[in-house]
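Take a look at the structure set out below.
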Amino acid sequence: MSPETLYLFRHAVLRDAAYQLQMPAERAQLHALAFAALEELFGGRPRDAALDPRDGFPEVAHTTDAVSGDLAEHARLAGDAFAAARPLYLRRAAQLAVRRFQLADAGRLWLELAAEAKGAERGEALRMAGALAELAGRPRDAVRYCEDAAAAFREAGVPSLEGRALGSVAGAKMALGDLAEAERLLEAALAALRASGSRKAEGIALGNLAEVYMETGRPELAERTHEQALAIHRETGNLRSEGVALGNLAVVHARAGRHDAATACLEQALALHRRSGDRKFEAKAVGDLAGIHWLTGRLDEAARTYDAALRLAREYGLKQIEALVLGNVASLEAARRRPASAAATLEDALALDRQSGNRRFEGLHRCTLAAVLVDLGRADEARAQWSGGAALLRHVGDTAELARCEASMRAACGKAGVAEFGVEGLMG
């Protein structure tokens, strides 16, 4: 051990030892002094605004935000006299972590707040923790937190926030591939939100419902519903959700062959995502733009744009977006006659799918891998992947994606001349 390392080690040990030598009451007093000094130094305590029954916790920046996590911890260790200040600073620390896209820290802080809060405040902390869990690729945790949030709002008699929580449960159910349950929950959420006049949340729920329609083979209804959601987002000034709706409309246009309209929507969406700081949907929109480049024959540009989407997803820990982009990269590699690279990339995507429990993505990627394996001459492996992947897509109700996969498989079998079992044998 070098002298420098030895010094640092001993310094840390001495510091901890000195701390533990203090009597508990003296430690609490020291934390109280630190809390008071830090709070005064950074501008005093911010006003604690009440929970908004339509929009959740208010968020107004304050100079103490930079040290809100330290203040929350000092308040905890200072004892009962500072107990009332801790939830305020926990919430502000969680909100700051969200703004900085520190997903793990934000999720931990919201759960800490939920453990100490009651009623609707507890529900909103749980809902936020659930939203972050989904964003981080943990939809099962998201379902659990958001279901508990909905129950807390129901008990507290806040139907508007209960509707938002039900919409969050539905979003996590979509990530898990349970589209039928997601549709049922979104319809219930919409009823609650319309009854309470929560226009902004109604637009978000409509957009999620449109996604269900798209993934269950109802593109015309999906397009109309996305347009309705977009109108509400613009009416309420919800820039973040306006960007999401434009990105989703781009997918509808692209699948219908309207590539110019899709590109225009994506460019508008990207501008809004960058303005609002929404890294998740920025990464998704960049990936979707790469798909348009591919569809219009610009393969090198598509590859570069997919790389940019992957960098964003990995930088911000967006596991589900990373898996989605990897699947698309693999399909591009297969189209460029690089099946070995495509197969390896799909295995990476599948590892993320299984980690997050996203059955829809897993089904899609297994079917895509099956077509690549046919190209590589590995028919038995292809049959197993197809059987499992198609079963997953049927189970989650994504008939539109299954139809696209079947067309790709027919093309792969035709190119490989796999007459001995053909498409019917592979799909049987």
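The values are calculated or read from the model by the stated rules, or taken from the named source; none is laboratory data. Worth saying up front: this structure is predicted, and the values here are computed from it rather than measured. In this analysis, Cβ positions are derived from the backbone assuming ideal geometry, glycine residues included, and neighbour counts consider all displayed protein chains.
Here are the numbers for the structure shown:
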| read-out | value |
| --- | --- |
| Subset tally (residues that are touching a helix residue (DSSP H, G or I) at 6+ places or on another chain (Cβ under 6 Å) and under 24 Å from Ala28 (Cβ atoms)) for segment 47-77 | 10 |
| Test: Leu246 is over 17 Å from Ser168 (Cβ atoms) and surrounded by 24 or more Cβ atoms within 10 Å (Cβ to Cβ) | yes |
| The one condition in (1) under 23 Å from Arg100 (Cα atoms); (2) in a helix (DSSP H, G or I); (3) not acidic (Asp, Glu) that His293 fails to fulfil | (1) |
| In segment 249-285, the residues that are touching a residue at least 40 places away in the same chain (Cβ under 8 Å) and outside any helix (DSSP H, G or I) | Gly277 |
| Evaluation of Leu185 against (1) closer than 30 Å to His395 by Cβ; (2) modelled with pLDDT under 90; (3) of a type outside the set (Phe, Trp, Tyr) (one fails), failing number | (2) |
| Near pairs, Cβ below 6 angstrom, 6+ apart or cross-chain, from segment 131-159 (touching a residue at least 24 places away in the same chain (Cβ under 8 Å) and under 22 Å from Gly119 (Cβ atoms)) to any residue that is not in a helix (DSSP H, G or I) and not aromatic (Phe, Trp, Tyr) | Val158/Pro53 |
| So Phe57, is it more than 26 Å from the chain's Cα centre (by Cα) and surrounded by 14 or more Cβ atoms within 10 Å (Cβ to Cβ) | no |
| Test: Ala351 is in a helix (DSSP H, G or I), under 30 Å from Glu183 (Cα atoms) and at pLDDT 90 or above | yes |
| Among the residues listed as Arg336, Arg360, the single one being in contact (Cβ under 8 Å) with a residue 60 or more places away in the chain and of a type in the set (Lys, Arg) | Arg360 |
| Options Arg360, Arg410: the member that is among the basic types (Lys, Arg) and either outside any helix (DSSP H, G or I) or farther than 25 Å from Glu181 by Cα (or both) | Arg410 |
| Members of segment 386-401 that are in contact (Cβ under 8 Å) with a residue 12 or more places away in the chain and over 16 Å from Asn358 (Cα atoms) | Trp386, Thr399, Ala400 |
| Condition broken by Ala104, with the remaining ones in (1) in contact (Cβ under 8 Å) with a residue 40 or more places away in the chain; (2) surrounded by 19 or more Cβ atoms within 10 Å (Cβ to Cβ); (3) of a type in the set (A, V, I, L, M, F, W, C); (4) more than 13 Å from Ala34 (Cβ to Cβ) satisfied | (2) |
| Leading residue by the ranking (surrounded by the most Cβ atoms within 10 Å (Cβ to Cβ)) among those in segment 366-384 that are closer than 19 Å to Lys415 by Cα and within 27 Å of the chain's Cα centre (by Cα) | Thr368 |
| Residue count for segment 228-257, restricted to those that are of a type in the set (Lys, Arg), out of contact with any Leu (no Cβ under 9 Å at 6 or more places or on another chain) and at pLDDT below 95 | 1 |
| Matching entry among Leu230, Leu185, Leu246 (being without any contact (Cβ under 8 Å) to a residue 40 or more places away in the chain, farther than 24 Å from Phe361 by Cβ, touching a helix residue (DSSP H, G or I) at 6+ places or on another chain (Cβ under 9 Å) and assigned to a helix (DSSP H, G or I)) | Leu230 |
| Segment 208-220: number of residues that are surrounded by fewer than 24 Cβ atoms within 10 Å (Cβ to Cβ) and of a type in the set (Gly, Ala, Ser) | 1 |
